[in-house]
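Heads up: the structure comes next, in structure tokens.
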Amino acid sequence: MDVVAAEAGGKSKGRGEFAYTFCDACNQIPFCGLKVVVSGGRAVGVEGWEDFPSGPPCAKAYATLQEEYHPDRLLHPIMRTNPRGSGDPGWVRISWEEALDTVARRLREVAERYGPESVLFYVGDPKEPRLAVSRLASAFGSPNFGTESSTCSRAASLASQLLLGLRAWGTPPSERTHGVVLWAVNTAWTGTQSLRRLMAAKDRGTKFLVVDPRRTPTSERLADLHLRPRPGTDGALALGIMNQLISRGHYDREFVDRWVHGFDALREYASRFTPEEVERITWVPSGEVEEAAELLWGSRPETIFLGYSTLTHTTNGVQNVRAILSMMAILGNIDVPGGVVIPTRPLVPYLAMTDYPLRTPEDVAATGVDFALMSRKIELRDRRADVDKVPVWAELVPEQIQVNFLPEYVRDGRIRAALLFGANATMWPQYREYQEALDALEFSAAVDYFYRPWTHDHVDIVLPAATMYEREEPFAVFPAQGGWKVYRRQRVLEPRGEARSDWWIAFQIAVRLGLGDQFWNGDTRAAMDWILRRAAGVGYEEIPVPDGRLVPTGPEEFRKYERGLLRRDGRPGFPTPTGMVEVWSTVLERHGFDPLPAYVEPEESPASRPDLASRYPLILITGSRSPVYTHSKFRELSWLRDAEPEPLARISPEDARARGISDGDAVVVETPHGSVRMRARITHMMPKGVVDVPHGWAAVEGANANDATPRRFDPISGYPAFKALLCEVRRA
Ligand SMILES: Nc1nc2c(c(=O)[nH]1)N[C@H]1C(S)=C(S)[C@@H](COP(=O)(O)OP(=O)(O)OC[C@H]3O[C@@H](n4cnc5c(=O)[nH]c(N)nc54)[C@H](O)[C@@H]3O)O[C@H]1N2
Ligand SMILES: Nc1nc2c(c(=O)[nH]1)N[C@H]1C(S)=C(S)[C@@H](COP(=O)(O)OP(=O)(O)OC[C@H]3O[C@@H](n4cnc5c(=O)[nH]c(N)nc54)[C@H](O)[C@@H]3O)O[C@H]1N2
Ligand SMILES: [Mo]
């Protein structure tokens, strides 16, 4: 520990030494910075990393101390001795040598028999292992690298790509921002990293439009106007607002005339969405639709935060997001100061690989830093498991496949083995089918902090991952004034037991597969150094801790489409096929989808399935985030569990009364696909007619939301309908 603290250059007065790391508690990027107080080789306290761009730490960050020292941490590699599906796996402890050799040998055997593409490389919500595992997949020869972004933010980025050719949503407000749209996002609980900036904007008088069926801490603290639509109807709402804007001439004519493709068709289509029609579809009072249009016109320039995933958890998700972003575009908010800003010079498509989507090998080559071996993935595109399932996704999302069809891929023999980092098999709808798919593989191995029976009972080998206190990879990158700020972390603690970092594990497997020359012979620090030298012209060790290092790229520029800064060919315009903002998507048109951001009812809704709605009259949303948990994590930590001891189904007072349900009653929430049991929480958060069930409760029997969600998917993204379902609630 002395080494670490000396490197950090600090002793904190009387409380031991300290060192710096970034927090992975919510799995999100940007990470928050942590300053860890270390005493006698143990982490004894956590504080905010001073002057770090993201933070301050939340309750989850503090609880990572308890996670670090939890008695159930996985500390050694283990291997099953009984066949999969036979009940007791018969785990035995094995050495790292045996574990790594076995993984490499089994993957090679499968590749020899069925081709390297029959191995799935997968990383769940944890973001830190991604680059290394992505590289491993490509080097191995498999384009079948997937992540939890099969259900998370990538579909919203895809919607943005279809419209603008690149990802543009979620820019924080600046001093020049007059309005912020928070659509389906509860930042107060899910993005505390950004909360400070939103609160500061509010204090400056910035106007906030919040769109969320629930009342949340975010809506209550920030909203000037809060629209509460029926879940899944957001596209109709955005079209209704656009109709108001367009019919009053309240849109940026100059921008629209010069840069928008398909505006007349959009105008014509949106005109169907009168305030009355919108009220009928969305439950939002017609007057509020008009008010929203006025607020938006009056508070330009605006930026927008979209729910990372919420809006795309419906069968019309991509189109709904396209409608919302089209609204932002016609208001003239795209890439103007204070608006939805596109990064001027992305450092590298490094951790967030999607700002400037890379479509061709030339795009990749132009970055000069192909660490994830994207060019290889593009070459191998026609061996992707998802090409015929979700052709739009397969075309526009080169860095990862759509994993939601894993049961089908296994059944078809396309996937025969899997290497899983931070995977949770219960995150998928009807998750038992995914567990069965894992059971049916010829071989699989998983890497995690804990033994999670719901996932690991279905694999052959489980490897112990080092935590964010125990590893140094990866580094962190943030946009900063005049460039980028790069930070590196320290290995604050020696790994517990035999835990090893995800990068080390991926690199060691690569070495044993004979790919050592592409993996710096296992030296992960050398790999990070390689990335940084190419991307930023600095060596890894030249980044001071805790100050980080500014990589200057020049001032931020705006309206880059006017000067050819958004396209690799240097021509003015957007990187779409027409070079315009495609409210009429030529890509969707080519694939046989509606080219307009058309509104279609959720596949299971009162309007589309009156037969079901008569038995299941309430609308169900699943997976609204908890402030203290991240998905399936942390239920074993009493510091957090005490704050939220059990799963609660949230229901409005009206709906509860009509069913004779009292607060705290045990209830069954039933859908046409299954049910969950938990206690009812009667709350004014919920509008009448909507029920909210949390996800991630694999640890509690009968409480897993994904027993009740259907395998229904948005045909453009392949995303599952976790939201906007039909249900009924009764006392258990
Ligand atoms: N504490 C914590 N933070 C997290 C996570 C966590 O598990 N815990 N998970 C992280 C991840 S991976 C993600 S994807 C993000 C999610 O981040 P958010 O999107 O902010 O989180 P949610 O709570 O899922 O959803 C936000 C809001 O959407 C509303 N909503 C539900 N359905 C609809 C709809 O159809 N339309 C509209 N307009 N609103 C709707 C819900 O009422 C909810 O208040 O959070 C990240 N941050
Ligand atoms: N019904 C319903 N289902 C949903 C959602 C919903 O809203 N409703 N949301 C979806 C969304 S947006 C998401 S992002 C997914 C959640 O995505 P999941 O991938 O299910 O996320 P977690 O439950 O956090 O699982 C992460 C696992 O990785 C382990 N882990 C954590 N950090 C590391 C690490 O650094 N290295 C390694 N090797 N392991 C690590 C954890 O112990 C845990 O077992 O769920 C999806 N499923
Ligand atoms: Mo997510």
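Every number in this text was worked out from the coordinates using simple rules, so none of it is lab data. All values reported here derive from a predicted model rather than from experimental measurement. Quick reminder, even Gly has a Cβ in these numbers, built from the backbone with ideal geometry, and neighbours come from all protein chains shown.
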Pull up the DSSP beta bridges for segment 610-731 and report the antiparallel fraction as a percent, rounded to 5.
65 percent
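Fewest first, what order do 388, 212 take by the number of other Cβ atoms within 10 Å?
Details: 388 8, 212 24.
So the residues, fewest neighbours to most, are 388, 212.
Report, in debye and to the nearest 20, how large the dipole of segment 666-732 comes out about its Cα centre when Lys and Arg carry +1 and Asp and Glu carry -1 on their Cβ.
Working: 9 positive and 6 negative charges, 41 e Å.
My answer is approximately 200 debye.
For a quick check: sort 578, 151, 709, 467 by the number of other beta carbons within 10 angstrom, fewest at the front. Before the final figure, lay out the partial values.
Values: 578 16, 151 24, 709 27, 467 21.
So the ranking, lowest neighbour count to highest, is 578, 467, 151, 709.
Write down the Kirkwood hydrodynamic radius of segment 564-705, to one decimal in angstroms, obtained as one divided by the mean of 1/r over all alpha carbon pairs.
Working: mean 1/r = 0.0538 Å⁻¹.
In segment 564-705 this quantity evaluates to 18.6 Å.
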Assuming R0 = 35 Å, can you tell me the calculated FRET efficiency for the pair residue 591 and residue 276, based on Cβ-Cβ distance, to the nearest 0.05?
0.55
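Calculate, in nm to one decimal, what residue 731 and residue 451 gain on full extension: separation in residues at 0.36 nm each, minus their alpha carbon distance. List each step's numbers first, then the result.
Working: separation 280, 0.36 × 280 = 100.80 nm, distance 3.37 nm.
Full extension from residue 731 to residue 451 adds 97.4 nm.
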Take the Cα of residue 362, step 7 Å along the line toward its Cβ, and report every residue of segment 566-603 whose backbone nitrogen sits under 20 Å from that point.
566-580, 587
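Just to be sure I follow: if Rg is taken over the C-alpha atoms of the chain and Rh is the Kirkwood radius over the same atoms, what is Rg/Rh?
On the way: Rg = 24.8 Å, Rh = 26.3 Å.
Radius of gyration relative to Kirkwood radius: 0.95.
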Could you tell me the distance between the Cα centroids of segment 201-260 and segment 563-595, to the nearest Å?
24 Å
Using Cβ contacts closer than 10 Å as the measure, can you line up 24, 460 from fewest to most?
460, 24
Histogram of C-alpha separations across segment 513-568, 10 Å bin width, %
19, 30, 25, 21, 5
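Using only helices, what value at 222 nm comes out for the chain when you add -39,500 (n - 2.57) per DSSP H run of length 4 or more and divide by the total residues, to the nearest 500 deg cm²/dmol?
On the way: 26 runs with 222 residues, N = 732.
The per-residue figure over the chain is -8500 deg cm²/dmol.
Using r as the Cβ-Cβ distance of residue 176 and residue 565, and R0 as 25 Å, what FRET efficiency do you calculate, to the nearest 0.05? Before the final figure, lay out the partial values.
Working: r = 19 Å, r/R0 = 0.77.
With a Förster radius of 25 Å, E is 0.80.
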Please report the net charge: other residues with Cβ closer than 11 Å to the Cβ of residue 721, K and R +1, D and E -1.
0
Mean Kyte-Doolittle of at least -1.0 plus a Cα span of 30 Å or more along the axis: flag which DSSP H helices in the chain meet both, please.
none
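Cβ under 13 Å from residue 504's Cβ, residue 504 left aside: what net charge do those residues give with Lys, Arg +1 and Asp, Glu -1?
On the way: positive: 471, 491, 500, 512, 525; negative: 128, 470, 472, 473, 498, 502, 523.
Combined, the nearby Lys, Arg, Asp and Glu give -2.
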Using a Förster distance of 22 angstrom, determine the FRET efficiency expected from the C-beta separation of residue 268 and residue 290, and round it to 0.05.
0.65
Length gained if residue 608 through residue 663 is fully extended, taking 0.36 nm per residue and subtracting the Cα-Cα distance, is 16.6 nm
